[in-house]
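Encoded as structure tokens, the structure appears first; notes follow it.
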Amino acid sequence: MSNKVVQAMYNDDDILMDAVKEVRAAKYHIEEVYTPFPVHGLDKAMGLKGTRIAITAFLYGCVGLVFSIWMMDYMMIRDWPQDIGGKPSFAFIQNMPAFVPIMFEMTVFFAAHLMVITFYMRSKLWPFKEAENPDPRTTDDMFVMEVIVDGNEDELVSFLKKTGTVEIKVTEKH
Amino acid sequence: MSSHYEAPIRRPLIVGDKNYHDISVDVAAPVEGKANKLWWIAFSIALLAFLWGIGAITYTIGTGIGVWGLNKTVGWAWDITNFVWWVGIGHAGTLISAVLLLFRQKWRMGINRSAEAMTIFSVIQAGLFPIIHMGRVWNAHFVLPLPNQFGSLWTNFNSPLLWDVFAISTYFSVSLVFWWTGLLPDFAMLRDRAVRPFQKKIYGLLSFGWTGRAKDWQRFEEVSLVLAGLATPLVLSVHTIVSFDFATSIVPGWHTTIFPPYFVAGAVFSGFAMVNTLLIIMRKVSNLEAYITEQHIELMNIVIMITGSIVGCAYITELFIAWYSGVEYEQYAFLNRATGPYWWAYLLMMSCNVFSPQFMWFKKLRTSITFSFIISIVVNIGMWFERFVIIVTSLHRDYLPSSWTMFSPTFVDIGIFIGTIGFFFVLFLLYARTFPVIAQAEVKSILKASGEKYKKLRDGNHE
């Protein structure tokens, strides 16, 4: 199977949205869309599934909460209990109110950082990562839709030309 | 165009005849251009102040904190005042980017990047003070619960000072990743525009290879929303915990249940004032008046007015409760605060924080750029004095009249404070020349809804 893709460029988000809907209606497969800013409703129009990253954040937060409870229970109650200022730390439940601020902070710390790390890993973002956008203008004012060539190439190109594209390119996708 | 509808009554957030490319050009201009003379002068002054501060810190560490003006009655003074002041300033960034995101306030987009930068830079300044105040800074890691050679003597999790360590470090690191995640698309824009290979390399490195795929944007928006949801209670918790440093003690004047909300309001108040100070200058110097409009400044002035009034209510409440409590120590602490030897500081605090924001009720004044700038400076001075008043006046006349004394700062106290102001401006000036100072990707996404050109086009059609 060939790895040929057609890159259709648009200079307006509304034209792009209509084009995405038309291409999908014509049963062509949209490989990718690159946009300079978040275009609302584009993911739905492309048929992308919703992201589950918020769920991971919740789970990470739970981990942080449990970790902080374990940590403070171990350090303050079990490993080295002390009588600080006449307030002995011999029972977790009695000391618990003083642990609430750090329980909260650790929950937020774990949820935020692990979620962002998950996002960076899943979207392949890290230092020294080479950018893969097909055209430097896609971070400025160009919207690029990549459609896989599957069958008649000329037919696809002429179809895309009618969707309001300003530039069109056929390339090999690696 | 229907999907970009915005009520005609809303004023445009992007003025002038801008298209997507114009936004890229305008945001990249300060980065791609050369620094002018004014920038170099400002930078040199800031750098000198910073170096002076480094000298003062070195002297403190080498000799001990005896070189400060502290004495056995007043054990906390400028250091903690400066700490709380800087942390407070650091609150506006997260408030603008997180709380205003949750409330879907589009006007945050012109200012959130710089406000977050200000947050990060000021939290760095804040963090310096508790560390220097430890005296033996080489033992600073003792605040962390690390296994150690004393048979694992752990930190005291009952102490509000330790809560502060966790709160400030969580706040700093979460703000940093929030800021950086938002920066990725904008760094990518600079990378793709860069002509010189060195610039291309640097911005390529900073942008983490951002490409703007539809799936990445979907995740980006979800991550921003969840981070905003996490950062909102976080920002409230941080200053709450800072206020616990005082409120959980049994010192009259500190031991007050009103402290958490009162400190948070004060933090937002001073933070917005600092954002106004910085952005009024930056929009002019970097030609960003189309994105940071008069409307933005007016809205920030309204926030300053409201939070200033909340702070004013808190001052009055404290006085009332001190009298109503019937506790004579409490009553004396507040009487002494207002009429004692530090009456001038109290008066300065009251006039800067309670009186001066009331001018913002007048539309003419809150839309005046010069006046807004002056008030923003006044508020920052007032908020510094608020912390000074709370800390020093509560301590200097304690339970034992024989140990009553006064506090006066030494040149080292002053040097460190000036040094942190210098450090802050060194960071901010570098930021203003190398970072995309406006969240251009987000601004582009509201251009059709809130851009002046598009609004005119659309509203014209309806009539």
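For B:Val74, are the conditions met, namely being touching a His at 6+ places or on another chain (Cβ under 7 Å), of a type in the set (A, V, I, L, M, F, W, C) and open to solvent by less than 40 Å² (accessible area, probe 1.4 Å)?
So B:Val74 passes the test.
Six or more apart or on different chains, Cβ under 6 Å: which pairs go from a residue in segment A:119-147 that's at the interface with chain B (Cβ under 7 Å from one of its Cβ atoms) to one that's of a type in the set (Lys, Arg) and open to solvent by less than 80 Å² (accessible area, probe 1.4 Å)? Could you list them?
Close Cβ pairs satisfying both conditions: A:Phe119/B:Arg219; A:Ser123/B:Arg219.
Looking at (1) crowded, with 19+ Cβ neighbours inside 10 Å; (2) part of a helix (DSSP H, G or I), find the lone condition where B:Asn139 falls short.
(1)
Which residue, of B:Phe411, B:Phe423, is in contact with a Leu (Cβ under 9 Å, 6 or more places away or on another chain) and open to solvent by 30 Å² or more (accessible area, probe 1.4 Å)?
Numbers: B:Phe411 fails: in contact with a Leu (Cβ under 9 Å, 6 or more places away or on another chain).
Just one listed residue meets the conditions, B:Phe423.
As an exercise: evaluate B:Pro261 against (1) within 10 Å of chain A (Cβ to nearest Cβ); (2) surrounded by fewer than 22 Cβ atoms within 10 Å (Cβ to Cβ); (3) in a helix (DSSP H, G or I) and give the number of the one condition it does not meet.
Going through the list (1) within 10 Å of chain A (Cβ to nearest Cβ); (2) surrounded by fewer than 22 Cβ atoms within 10 Å (Cβ to Cβ); (3) in a helix (DSSP H, G or I), B:Pro261 breaks only (1).
Go through segment B:316-371 residue by residue and tally those that are open to solvent by 70 Å² or more (accessible area, probe 1.4 Å), assigned to a helix (DSSP H, G or I) and not polar (S, T, N, Q).
Residues that pass the stated criteria total 17.
Only one of (1) part of a loop (DSSP other than H, G, I, E, B); (2) open to solvent by 10 Å² or more (accessible area, probe 1.4 Å); (3) within 7 Å of chain B (Cβ to nearest Cβ) fails for A:His113. Which number is that?
Here A:His113 meets the rest and fails (1).
Taking B:Leu205, is it facing another protein chain (nearest Cβ under 9 Å), closer than 24 Å to B:Tyr431 by Cα, assigned to a helix (DSSP H, G or I) and out of contact with any helix residue (DSSP H, G or I) (no Cβ under 6 Å at 6 or more places or on another chain)? Show your work before the answer.
Numbers: facing another protein chain (nearest Cβ under 9 Å): yes; closer than 24 Å to B:Tyr431 by Cα: yes; assigned to a helix (DSSP H, G or I): yes; out of contact with any helix residue (DSSP H, G or I) (no Cβ under 6 Å at 6 or more places or on another chain): yes.
It is true that B:Leu205 is facing another protein chain (nearest Cβ under 9 Å), closer than 24 Å to B:Tyr431 by Cα, assigned to a helix (DSSP H, G or I) and out of contact with any helix residue (DSSP H, G or I) (no Cβ under 6 Å at 6 or more places or on another chain).
Which of the residues that make up segment B:223-234 are facing another protein chain (nearest Cβ under 10 Å) and either open to solvent by less than 10 Å² (accessible area, probe 1.4 Å) or touching a strand residue (DSSP E or B) at 6+ places or on another chain (Cβ under 8 Å) (or both)?
Selection gives B:Val223, B:Leu227, B:Ala231, B:Leu234.
Does B:Gly212 satisfy the criteria of being at the interface with chain A (Cβ under 7 Å from one of its Cβ atoms), over 30 Å from B:Gly62 (Cβ atoms) and open to solvent by less than 30 Å² (accessible area, probe 1.4 Å)?
Yes, satisfied.
Of the conditions (1) touching a residue at least 60 places away in the same chain (Cβ under 8 Å); (2) farther than 25 Å from B:Ser173 by Cβ, B:Ser44 satisfies every one except a single condition; which number is it?
Every listed condition holds for B:Ser44 apart from (1).
The values are calculated or read from the model by the stated rules, or taken from the named source; none is laboratory data. Everything numeric here is computed off the predicted structure, so don't read it as measured data. Positions of Cβ are backbone-derived with ideal geometry, glycine not excepted, and every protein chain shown enters the neighbour counts. Note: accessible area is taken over every heavy atom of the protein model, side chains too, but ligands, DNA and RNA are not part of it. Shrake-Rupley method; radii C 1.70, N 1.55, O 1.52, S 1.80 Å.
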